[in-house]
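Taking it in order: structure first as structure tokens, then the write-up.
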Amino acid sequence: MNKKLVITTAAAVLALTACKNSDYEGYTKAESGLHYKFFTHDESGVTPHEGDGVAFKYVIKRHSDDSVLVDSKAVSRDGSGVTKFILPKSSFVGSIEDALMMLAKGDSAAFILSADSFFLKTNKMQALPPYIKPGEHLTIIIKLTEIKNKAELEANQKMQQEEMAKETARLQAAEQPAFEKHIADNKITAKPTPTGLIFIEEKKGKGAMAKPGDSIAVHYAGTLLDGTEFDNSFKRGEPIGFVVGIGRVIPGWEEALQLMSKGTKAKIVIPSNLAYGPQGNQGIAPYSTLVFELEIVDIFPASK
């Protein structure tokens with residue numbers, strides 16, 4: 001008999017046996033009870049383990065009618081469809097984590113698993129979504145695009161931390177020269193307060209100055225030293241309100257506002273130690289000196 005025919009026949013018998021072990025046509029049943037069907041498969045490829053980093057694309061369907069419930073391309077922030085996370089311990093026998101651990105980089109496959117377990121155990125939901133009936137199954141199609149083992153992840157994290165530390169040190173060293181240049185370029189003659197705040201009154205208000213416990217309404221525009229604007233309530237047409245002295249705003253604001261009465265307009269230059277310091281804040285780098293235009297729209301004195 002032709003040797004090629006023998007091999008082909010044997011492969012067919014194995015495939016038929018595997019499929020018979022599955023409750024679903026065309027699928028093989030793994031020891032975990034997970035039903036799977038490979039589209040592409042590198043049998044000699046390295047598969048991920050718990051604690052490894054994985055990147056993959058996926059589509060989740062209701063198995064009974066093949067309707068799409070989630071497509072990663074539609075929910076990913078950058079539109080790539082790629083999801084990345086550290087592979088956790090299997091959430092149940094036959095889970096999506098078990099499925100990922102069967103794949104090598106570049107592999108793609110379909111898996112059938114319990115909808116109940118997926119939503120209640122893997123996603124830790126309190127109840128099934130309204131569109132899922134108890135006992136239903138899901139088909140999850142996965143393409144694994146990247147694997148990083150624990151050692152690679154730790155090395156990457158260390159490198160990122162070192163780079164971040166270098167950049168933070170650079171920003172810290174650059175703050176004072178940039179602060180002094182801004183003062184000189186803008187011909188600011190106001191002397192800093194004991195904390196280092198520069199306060200320049202542009203319009204004098206009336207009445208008592210704001211004090212701790214008062215509720216105030218404030219308009220503001222904030223920029224970096226290079227003029228980049230990061231927030232502006234004047235443009236929104238709506239001042240913000242808060243109580244003075246309870247830590248709701250940065251220290252530089254707390255100090256400046258207590259030098260202002262209703263109607264006062266002022267420009268303030270706030271060194272980073274009175275702003276967001278070495279941590280920075282959304283769009284504001286660590287060790288950033290900030291410049292604000294402030295106007296107290298109203299003051300509501302604290303009840304005695």
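Numbers for the structure displayed
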| item | result |
| --- | --- |
| Residue, farthest from Pro271 (Cα to Cα), within segment 200-228, restricted to residues that are among the small types (Gly, Ala, Ser) and over 38 Å from the mean Cα position of the chain (by Cα) | Gly207 |
| Residues within segment 227-253 that are in a loop (DSSP other than H, G, I, E, B), surrounded by 15 or more Cβ atoms within 10 Å (Cβ to Cβ) and of a type in the set (Val, Ile, Thr), tallied | 3 |
| Residue list for segment 113-147, filter: buried (at least 16 other Cβ atoms within 10 Å of the Cβ) and of a type in the set (Gly, Ala, Ser) | Ser114, Ala115, Ser117 |
| Considering residues of segment 74-127 that are touching a strand residue (DSSP E or B) at 6+ places or on another chain (Cβ under 7 Å) and among the basic types (Lys, Arg) only, the residue modelled with the lowest pLDDT | Lys84 |
| Looking only at segment 49-77, and only at residues there that are under 22 Å from Gly26 (Cβ atoms), among the hydrophobic types (A, V, I, L, M, F, W, C) and in contact (Cβ under 8 Å) with a residue 24 or more places away in the chain, the one that is surrounded by the most Cβ atoms within 10 Å (Cβ to Cβ) | Phe56 |
| Residue match in segment 203-221 (condition: closer than 16 Å to Phe300 by Cα, in contact (Cβ under 8 Å) with a residue 40 or more places away in the chain, acidic (Asp, Glu) and in the same structural domain as Leu294 (by TED's automatic domain parsing)) | yes |
| When residues of segment 170-199 are limited to those that are among the hydrophobic types (A, V, I, L, M, F, W, C) and over 38 Å from the mean Cα position of the chain (by Cα), the one surrounded by the fewest Cβ atoms within 10 Å (Cβ to Cβ) | Ala184 |
| Selection count where residues are part of a loop (DSSP other than H, G, I, E, B) and among the charged types (D, E, K, R), scope segment 88-101 | 1 |
| Leading residue by the ranking (modelled with the lowest pLDDT) among those in segment 141-197 that are farther than 23 Å from Val82 by Cα and β-branched (Val, Ile, Thr) | Thr168 |
| Pair list, Cβ < 7 Å and 6+ apart or interchain, from segment 182-200 residues that are assigned by TED's automatic domain parsing to the domain that holds Phe292 and within 18 Å of Ala256 (Cα to Cα) to residues that are of a type in the set (Ser, Thr, Tyr) and assigned to a loop (DSSP other than H, G, I, E, B) | Phe199/Thr193 |
| Segment 28-48, residues that are surrounded by fewer than 12 Cβ atoms within 10 Å (Cβ to Cβ) and within 13 Å of Leu100 (Cα to Cα) | Val46 |
| The one condition in (1) free of Cβ contacts under 8 Å to residues at least 40 places away in the same chain; (2) not in a helix (DSSP H, G or I) that Ala173 fails to fulfil | (2) |
| Looking only at segment 27-66, and only at residues there that are more than 20 Å from Ser117 (Cβ to Cβ) and among the hydroxyl-bearing types (Ser, Thr, Tyr), the one that is farthest from the chain's Cα centre (by Cα) | Ser44 |
| Some residue of segment 77-87 being assigned to a loop (DSSP other than H, G, I, E, B) and among the hydrophobic types (A, V, I, L, M, F, W, C) | yes |
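The values are calculated or read from the model by the stated rules, or taken from the named source; none is laboratory data. Keep in mind it's a predicted model, so treat the numbers as computed, not measured. FYI the Cβ positions are ideal-geometry reconstructions off the backbone, even for glycines, and counts take in every protein chain you see.
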